[in-house]
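The values are calculated or read from the model by the stated rules, or taken from the named source; none is laboratory data. These numbers come from a predicted model, not from an experiment. In this analysis, Cβ positions are derived from the backbone assuming ideal geometry, glycine residues included, and neighbour counts consider all displayed protein chains.
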Amino acid sequence: MPQSQADIPDLRLKRMNKLMTRFTAPPSMVLTNLFGSDKWDSDTIEWESQIGNRGLTPFVAPDSKAPRVAPIGVASHEAKAACWKEKMYLGEGMLNNLREPGNKAKYYTAQKQLAKNSYMISNRSDRRVEWMFAKMLNAGSMSYLDYNSTKQTVDYGISDEHIVTLAANRKWDDGNSRNILEDIFDIQLTMSNASGAQLDYALFTSEILKLMIFDPGIQTLLSKSNYGQGDLFTNPVGVLGSLLSIKNMVLYDEQYQIRANLTAVVTADSTTTISVDDTLDFEVGGTLRFYDVSAKSYEDETISAVNENAGTLEVTTAPSTSYKAGEDIVYMTKKFLPTDKFLMFASTHEGQKIAEFITVPFGINGMKRQWGKQVDKWPVRDPAGMFVLVENRGLPVLYNEDCVYVLTVT
């Protein structure tokens, strides 16, 4: 291991933090890129949300006092900021190659690997922000761990009238009275009456897009229009956006992955209760993939229950192969937007964004207050190397909950 990490330019904290800030959120981080962020002074975040239509200033006599007015349906919210962080180990070989003189090939190989790993861990942090935005908008709430490692839930107050499940006969996949166009226009009317804001975003997955483009009602209407079926299939999102008068129709297939280590043996054709080191973020109905690290093989089962207190996941059927504790892993891959949801919202209300991400200060690097994604590092002696930590703290906030509508369509 190098005698001093301070003499390695690429490992100086200032340079590493600069490298992290140069990594912009990927284009697939739709919600993060749309709403942006702001700073808060403490880790307790307070905000007000508003429900109500646009108002009119009343007529009064010129020589009388002006009446007082307040926003309709103001609600106050308060929550502690969420914290997310993880560390990455860099081994002796990489560190020595970074500083080895007279050998540019090795230097640049290690430097490239450092940049790749830094981008990976930075991207993981950004995806957590996107996950929080997605939970806020499509579920109306999100959960995380507080200082005591207990689960906390923030409820954003979206009305039950704006989180709706279609009746069985209206389901977009097999409802005998389904009418996709009418459902969407009803949502637009409901939101216009609720807030006066113009709905300009609709987010959906490929599963929902397929139901829409093959819907007989939509195909019939388009066959009578200037689009025709040819344009529908070559540019489905654009055609549907024009048809429905929605400015931004967004195909939102971005996914995240949750991984955990097995803490108890899984016996083939027997074990349905799976013990893991972390159950957070696993969800009932998700697909749990069992991965044999040494054999590089896997199989999938459906999660039927999550027991956070016991640290276990239940699956509907025991896997057909045995898996080792402390070696093999399980993971769940899931889309940010559930595949049965159609999410619509007005991104602005009276010229202001309806949501944003609030970052809070926290101390690293000599306890200096800093906001946003930060990097720290420290050496280890056995095995020789260094840990790199990426940390962030904050919370998404929603200022206009009546500008969001979530429809469960299948």
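Here residue 294 fulfils each of the conditions (1) among the hydroxyl-bearing types (Ser, Thr, Tyr); (2) within 30 Å of residue 51 (Cβ to Cβ); (3) assigned to a loop (DSSP other than H, G, I, E, B) apart from (2). Under the condition of being outside any strand (DSSP E or B) and within 25 Å of residue 325 (Cβ to Cβ), the residues counted in the stretch 244-291 number 18. Residues that are without any contact (Cβ under 8 Å) to a residue 40 or more places away in the chain and among the aliphatic types (A, V, I, L, M) do occur in the stretch 289-296. Screening 321, 348, 333, 339 for residues that are β-branched (Val, Ile, Thr) and either touching a His at 6+ places or on another chain (Cβ under 8 Å) or farther than 30 Å from residue 241 by Cβ (or both) leaves exactly one candidate, 321.
Matching residues to (1) in the same structural domain as residue 138 (by TED's automatic domain parsing); (2) at pLDDT 95 or above; (3) touching a helix residue (DSSP H, G or I) at 6+ places or on another chain (Cβ under 7 Å); (4) closer than 27 Å to residue 138 by Cβ:
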| site | (1), (2), (3), (4) |
| --- | --- |
| 276 | no, yes, no, yes |
| 286 | no, no, no, yes |
| 292 | no, yes, no, no |
| 308 | no, no, no, yes |
| 343 | no, yes, yes, yes |
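Within the span defined as the stretch 327-345, one or more residues are under 29 Å from residue 41 (Cβ atoms) and either surrounded by 14 or more Cβ atoms within 10 Å (Cβ to Cβ) or without any contact (Cβ under 8 Å) to a residue 12 or more places away in the chain (or both). Residues in the stretch 322-338 that are over 12 Å from residue 276 (Cα atoms), in a strand (DSSP E or B) and aliphatic (A, V, I, L, M): 332 alone. The test for being of a type in the set (Phe, Trp, Tyr) and modelled with pLDDT under 95 holds for residue 185.
Taken together, 213, 180, 208, 163 contain a single residue that is under 28 Å from the mean Cα position of the chain (by Cα), β-branched (Val, Ile, Thr), closer than 13 Å to residue 404 by Cα and surrounded by 15 or more Cβ atoms within 10 Å (Cβ to Cβ), which is 163. If you take the residues of the stretch 200-243 that are modelled with pLDDT of 90 or more and not in a helix (DSSP H, G or I), which of them is nearest to residue 177 (Cα to Cα)? Per the stated criteria, the residue is 215. Evaluating residue 376 against the criteria (1) in a strand (DSSP E or B); (2) surrounded by fewer than 16 Cβ atoms within 10 Å (Cβ to Cβ) leaves one unmet condition, (2). Looking across the stretch 260-297, the residues that are among the hydroxyl-bearing types (Ser, Thr, Tyr) and under 26 Å from the mean Cα position of the chain (by Cα) come down to 275, 279, 287, 291. Residues that are within 30 Å of residue 294 (Cβ to Cβ) and among the hydrophobic types (A, V, I, L, M, F, W, C) within the stretch 324-373 comprise 325, 329, 330, 332, listed in sequence order.
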